[in-house]
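A.B. asks: A single structure is presented below for examination.
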Amino acid sequence: MKPVRKAVLPVAGLGTRVLPGSKTVPKELLNVVDRPILSYIVAEGRAAGIEHFVFVTGRGKNAIEDYFDHHIELEAQLQAKGKTALLAEIVGELPKPGEMSFVRQMQPHGLGHAVWCARDIVGDEPFAVMLPDMLMEGPVAPLKQAIDAQAKVGGNIIVVEPCPPGEAHKYGVVALDGAGGRLNKMTGMVEKPPKGTEPSNLFISGRYVLQPEIFAILADQERGAGNEIQLTDAMATLMKSQAFHALEYEGTTYDCGDKIGLLRANVAFALKRTDLGGDARAAVLDLLK
Ligand code: G1P
């Protein structure tokens with residue numbers, strides 16, 4: 001079995017739920033405490049053993065590429081002022097030469113189309129998809145949980161989690177072959193099912209491990225929900241010939257493409273910081289008085 005070495009990060013979305021901030025700053029670069037959402041996502045990928053990140057970008061997203069490059073003036077300034085810890089932090093997360101690729105999705109045709117844009121860079125090997133809106137944390141990096149599950153059962157893995165009541169129609173939803181433990185064989189999936197028709201309350205939450213055969217299916221995939229080329233529809237086709245397992249991962253998800261989700265992430269991550277937690281707690285309690 002080939003190892004999962006590459007991750008595709010679709011970052012072309014316009015971020016309409018967090019406008020106007022996302023008009024000029026890509027939503028993936030909005031801060032959670034003091035670093036962009038993408039910084040956490042890349043750290044999660046590296047903790048899961050990812051060696052190459054493929055960003056599927058679009059117009060107005062050049063700042064993402066710049067974020068993962070040297071900023072010569074800034075680094076010289078920090079060096080001159082003796083701010084060596086901050087400098088080490090900034091330089092420390094830069095990619096190794098060749099660790100990242102950027103490909104443009106030239107038109108917003110949907111998540112399936114975005115993933116398909118990465119086909120030549122991924123090639124003929126299993127790969128991960130990480131939806132960068134979904135900031136996830138757990139005792140083990142959530143993507144690593146998915147990759148470990150894939151090493152156990154093979155095929156394709158979709159990370160899922162229970163949805164708050166009445167919300168499942170907004171997501172991709174999976175159907176399971178009975179439920180025993182956190183890793184279960186799937187029998188179906190549907191993107192944005194009409195209210196009341198959801199096959200379960202488990203929604204597709206933003207980490208996938210997929211086999212490269214998905215690309216040939218995506219090439220001819222017809223438009224589905226929202227008139228977009230949906231990854232879920234292509235996966236449903238692939239499920240006719242390959243196994244899919246749903247993994248209920250251990251951890252917490254923050255939907256940072258949403259105003260309240262982004263706020264929750266900021267508060268939660270600030271409270272956990274050893275250097276800021278005390279002050280963050282005092283500030284939150286003060287606001288609640
Ligand atoms: C996408 C996926 C959907 C998934 C969701 C998670 O939908 O198509 O299956 O549940 O992300 O956020 P979108 O948010 O692009 O509508």
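The values are calculated or read from the model by the stated rules, or taken from the named source; none is laboratory data. None of these values were measured; they are calculated from a predicted model. With ideal geometry, Cβ positions are generated from the backbone for all residues, glycine too; neighbour counts draw on all protein chains shown. Only protein heavy atoms, including side chains, enter the accessible area calculation; ligands, DNA and RNA are left aside. Shrake-Rupley method; radii C 1.70, N 1.55, O 1.52, S 1.80 Å.
A.B. asks: Of the conditions (1) in contact (Cβ under 8 Å) with a residue 60 or more places away in the chain; (2) of a type in the set (A, V, I, L, M); (3) more than 16 Å from the ligand (Cβ to nearest atom), L143 fails just one. Which one is it?
C.D. replies: The number of the failed condition is (3).
A.B. asks: Would you say L135 is more than 19 Å from the chain's Cα centre (by Cα), of a type in the set (A, V, I, L, M), outside any loop (DSSP other than H, G, I, E, B) and surrounded by 14 or more Cβ atoms within 10 Å (Cβ to Cβ)?
C.D. replies: Working: more than 19 Å from the chain's Cα centre (by Cα): no; of a type in the set (A, V, I, L, M): yes; outside any loop (DSSP other than H, G, I, E, B): yes; surrounded by 14 or more Cβ atoms within 10 Å (Cβ to Cβ): yes.
Taking the combined requirement at face value, the residue does not satisfy it.
A.B. asks: Scan the range 239-267 residue by residue and report those that are away from the ligand (no atom under 15 Å from the Cβ) and among the β-branched types (V, I, T).
C.D. replies: Selection gives V267 alone.
A.B. asks: Which of the residues belonging to the range 67-87 are in a helix (DSSP H, G or I) and surrounded by 11 or more Cβ atoms within 10 Å (Cβ to Cβ)? If you could, list the steps in order and put the result at the bottom.
C.D. replies: Taking the range 67-87 and keeping what is in a helix (DSSP H, G or I), we get 67, 72-80, 84-87.
Y67, L74, E75, A76, Q77, L78, Q79, L86, L87, listed by residue number.
A.B. asks: Let me spell it out: the conditions are (1) at positive phi; (2) in contact with a Lys or Arg (Cβ under 6 Å, 6 or more places away or on another chain), and E248 meets all of them except one. Which number is the exception?
C.D. replies: The failed condition is (1).
A.B. asks: While we're looking at this one, here's another question. Mind counting the residues in the range 1-37 that are aliphatic (A, V, I, L, M), open to solvent by less than 50 Å² (accessible area, probe 1.4 Å) and more than 16 Å from the chain's Cα centre (by Cα)?
C.D. replies: Final tally of qualifying residues: 2.
A.B. asks: Here is a follow-up. Of all residues being part of a helix (DSSP H, G or I) and among the hydroxyl-bearing types (S, T, Y) in the range 21-64, which is nearest to D148 (Cα to Cα)? Just the residue, please.
C.D. replies: Y40
A.B. asks: Okay, next question. If you check every pair at least six apart or on different chains, which have Cβ atoms under 8 Å apart with a residue in the range 195-223 that is at positive phi first and a residue that is open to solvent by 30 Å² or more (accessible area, probe 1.4 Å) and in a loop (DSSP other than H, G, I, E, B) second?
C.D. replies: Close Cβ pairs satisfying both conditions: G206/L131; G206/D133.
A.B. asks: Another one. Going by the conditions given, is V129 on the phi < 0 side of the Ramachandran plot, of a type in the set (A, V, I, L, M, F, W, C), crowded, with 19+ Cβ neighbours inside 10 Å and outside any helix (DSSP H, G or I)?
C.D. replies: Numbers: on the phi < 0 side of the Ramachandran plot: yes; of a type in the set (A, V, I, L, M, F, W, C): yes; crowded, with 19+ Cβ neighbours inside 10 Å: yes; outside any helix (DSSP H, G or I): yes.
Yes, satisfied.
A.B. asks: Taking the range 202-238 as the search range and keeping residues that are in a loop (DSSP other than H, G, I, E, B) and within 14 Å of the ligand (Cβ to nearest atom), which one is most open to solvent (accessible area, probe 1.4 Å)?
C.D. replies: R223
A.B. asks: Just need a number here: residues in the range 183-200 that are of a type in the set (S, T, N, Q), at pLDDT 95 or above and out of contact with any Gly (no Cβ under 8 Å at 6 or more places or on another chain).
C.D. replies: The qualifying residues number 1.
A.B. asks: With the requirement that a residue be charged (D, E, K, R), within 16 Å of the ligand (Cβ to nearest atom) and closer than 24 Å to F127 by Cβ, what does the range 148-180 give you?
C.D. replies: E161
A.B. asks: Take P108 and tell me if it is in contact (Cβ under 8 Å) with a residue 60 or more places away in the chain and within 16 Å of the ligand (Cβ to nearest atom).
C.D. replies: Yes: the conditions hold for P108.
A.B. asks: Could you tell me which of the residues I64, I90, I50 is surrounded by 18 or more Cβ atoms within 10 Å (Cβ to Cβ), more than 22 Å from L231 (Cα to Cα) and away from the ligand (no atom under 16 Å from the Cβ)?
C.D. replies: Details: I90 fails: surrounded by 18 or more Cβ atoms within 10 Å (Cβ to Cβ); I50 fails: more than 22 Å from L231 (Cα to Cα).
When all the criteria are applied, what remains is I64.
A.B. asks: Next up: Restricting to the range 94-105, and then to whatever is surrounded by 14 or more Cβ atoms within 10 Å (Cβ to Cβ) and closer than 14 Å to T57 by Cα, can you tell me which residue is nearest to the ligand (Cβ to nearest atom)?
C.D. replies: So, considering only residues that are surrounded by 14 or more Cβ atoms within 10 Å (Cβ to Cβ) and closer than 14 Å to T57 by Cα, the one nearest to the ligand (Cβ to nearest atom) is Q105.
A.B. asks: Please go through the range 239-266 and give me each residue that is out of contact with any helix residue (DSSP H, G or I) (no Cβ under 6 Å at 6 or more places or on another chain) and aliphatic (A, V, I, L, M), ordered by number.
C.D. replies: M239, A243, A246, I260, L262, L263, A265, listed by residue number.
A.B. asks: Answer yes or no as to whether Y40 is in contact (Cβ under 8 Å) with a residue 60 or more places away in the chain and not small (G, A, S).
C.D. replies: Values: in contact (Cβ under 8 Å) with a residue 60 or more places away in the chain: yes; not small (G, A, S): yes.
When the stated conditions are applied, Y40 passes them.
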